[in-house]
1. If we sort 49-56, 29-36, 348-355 on the protection proxy, mean other Cβ atoms within 10 Å, highest first, what's the order?
2. May I ask you to order 567-578, 486-497 by the average number of other C-beta atoms within 10 Å around their residues, highest value first?
3. Contour minus end-to-end for residue 39 and residue 221, with contour as 0.36 nm per residue of separation and end-to-end as the Cα-Cα distance?
4. Fewest first, what order do 11, 251 take by the number of other Cβ atoms within 10 Å?
5. Rounded to whole Å, give me the distance from the Cα center of region 166-231 to that of region 94-133.
6. Please state the relative contact order of region 182-243 as a whole percent: Cα pairs under 8 Å, 6+ residues apart?
7. Students often check this: by mean Cβ neighbours within 10 Å, which of 177-183, 515-521 ranks highest, and how do the rest follow?
8. Taking the alpha-carbon centroid of each part, what is the distance from region 53-85 to region 269-311 in angstrom?
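Every number in this text was worked out from the coordinates using simple rules, so none of it is lab data. Values in this document were obtained by computation on a predicted structure and should not be read as measured data. Glycine also receives a Cβ, built like all others from the backbone with ideal geometry; neighbour counts cover every protein chain displayed.
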């Protein structure tokens, strides 16, 4: 059986030009070789599979090449290159610091450094995973690393730069390797597939590149796995089936259900995803990435940030055109919160389903909010700004010498001669609060507030009406609420007739505060009914307390005491002065 060599080894770069995605490093190293400005120590750091050890080997090979090309690459023909390619070079030493991390291992290395090379100009020492060295080994290595012989070059490679002590870092030229871009990995896989006579779809290679997470070695390993699974025809479906990756189509379908506010379809798709063995947390993370891609796809300038295949890129452009910017931003917020709360939730499926319901409701919620904002804006523009005290004064009309123009009774000391009278000055209360009060009151429903705000718009009609018409509409409203079960309120309204005053003010006499509270509970709808039926939106309703209030209205001892204090405040002063308690 022929020995199989994995793609990561078979197609490992042998020259600087074939290194994938690290041009900023290879160009620097080539210029240093060309100008003979080579440092004595290099530190290559970065994530796994990005070419650190590969670049170290290429650098070691190129330094000792006796016949370098015009592009500063090794010739692969000289004696030094041939010995390096066959693994017999005596000028290149590789040390795995993960298994050789003691002081003795470093001492052996230091002892070898003083010997000059037999062939070539430099001896190169490559120490991989250098962060695994012990503190004592690092200290033993310091002097040699700082002042090595002319022929010695050290190349240190690590995935965890933060674990290396600062004294080592200060003695090296540091090169940071980047994660390899998805397009670069996909192009390299396409090159491998072409050499191996394998047919591969571009979308399939992009999925492999994404799964590799910036590591070319991982991408080559996944590619070999897919070839073993699907043969010489690598398709998109074969990749997602073998790697257990959620298909993009599911995200597009769920997004379509969100845009059409189809909660049932979204929940059924999520159930299908769970039945196929996918994790709910991965689905939430994938939906977040999908919404991010839709947001990026809305602007042609940011479209290049989409790291997907050509066909899927077109799908994103098409669907992003259907999505509004507020929905995408709010959707990302919802998905981010769900992602954070998923692990701590005891009912994780419900957590995801609730997020889907909220996403499906984004469109309708946004429309309702816009309507409310438009209504409030129109009201603020149509109503002139007035001083609140002045506005209240304009709304309350003072009866002829009889009323106190306030919603709160003003207590005054009455003369002794007036104590025996049973006539009390009427208290007038307006039933039409200001616009701002209706907008800010938490006790009002949004529907009633909007209705009242629309009614108070000064552009509405102000038709005249008679006392007879007023009584007819009044009786009509009382009968309508009586049929709805509000018998108490209807009886109070029918007991007495309203009185039409000047400037469309309607005066209604009540006997006690309980009737006032009953009417106030329904006052917004009541006032709106009167204005609409009489085609006059300047109507104001005033409640006037009955002028006759006898002792029968003072139900409790507390009420009687307050009545006495109202007539003679000296009683309360007397009680406080002698610190007397009240017994009721």
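1. Details: 49-56: 23.0, 29-36: 14.4, 348-355: 17.0.
Sorting 49-56, 29-36, 348-355 by mean packing, highest first, produces 49-56, 348-355, 29-36.
2. 486-497, 567-578
3. 62.1 nm
4. Lowest to highest Cβ neighbour count: 11, 251.
5. One Cα centre to the other: 30 Å.
6. Relative contact order of region 182-243: 38 percent.
7. Sorting 177-183, 515-521 by mean packing, highest first, produces 177-183, 515-521.
8. Comparing the Cα centres of region 53-85 and region 269-311, I get a distance of 45 Å.
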